[in-house]
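Chemist: Have a look at this one.
The values are calculated or read from the model by the stated rules, or taken from the named source; none is laboratory data. Just so it is clear, the model here is predicted, and its values are computed rather than measured. We work out accessible area using only protein heavy atoms, side chains counted, and drop any ligands, DNA or RNA first. Shrake-Rupley method; radii C 1.70, N 1.55, O 1.52, S 1.80 Å.
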Amino acid sequence: MSKFSTPFMRRSPLNKGRCWDNYEPTPGKKAYEKGSCQPIKRQSALNIKEEAYEKQNREMRKDHKEETGKDLGSRQTTGTGSRRVSFACRFGGMAGGMTEDNGEPSKLAMALKKWGFSSKGEAKAFCSKNKES
């Protein structure tokens, strides 16, 4: 061990042993400057999946605008608006599970969550209560 390293610092080719475990070099900082190491930011699989879902949603909205010339309305996450009731009725009765085979939330589960529902059962109950016959 050299006289400049400590047993608490990780030695790797990426950070040359100057940062502690779970820290990485700060871009643009010299090794001797204050703040030269920053915590490693990890994204959970759920965050990555939600980002992919939102990207797909933006692309779908863009395609709809190009095809029809009209914007789709924003999500109604609360209240009893007609669009939210319609969403709950459609998605509450959809086939498919709330999780994928690997245990991650399905696209159906993410859509329900984005509209303020925790399950298909909750969406069905909301639909039954607020649907105009």
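Chemist: Take the cross-link list K29/K113; K30/K62; K65/K114 and give me the ones stretching past 32 Å between alpha-carbons.
Modeler: K29/K113; K30/K62
Chemist: Something else now. If you rank M60, M110 by how much accessible surface each has, with a 1.4 Å probe, what is the order from largest down?
Modeler: M60, M110
Chemist: Could you derive backbone 3J(HN,Hα) for region 85-93 from the dihedral phi with the Karplus parameters 6.51, -1.76 and 1.60 (θ = phi - 60°), listing whole Hz in sequence and x where the residue is Gly or Pro?
Modeler: 3J(HN,Hα) across region 85-93, in whole Hz: 4, 4, 4, 4, 5, 5, 7, x, x.
Chemist: Oh, and also: Just subtract the alpha-carbon distance of T78 and N22 from 0.36 nm times their residue separation and send over the number in nm, one decimal.
Modeler: Length gained, T78 through N22: 16.2 nm.
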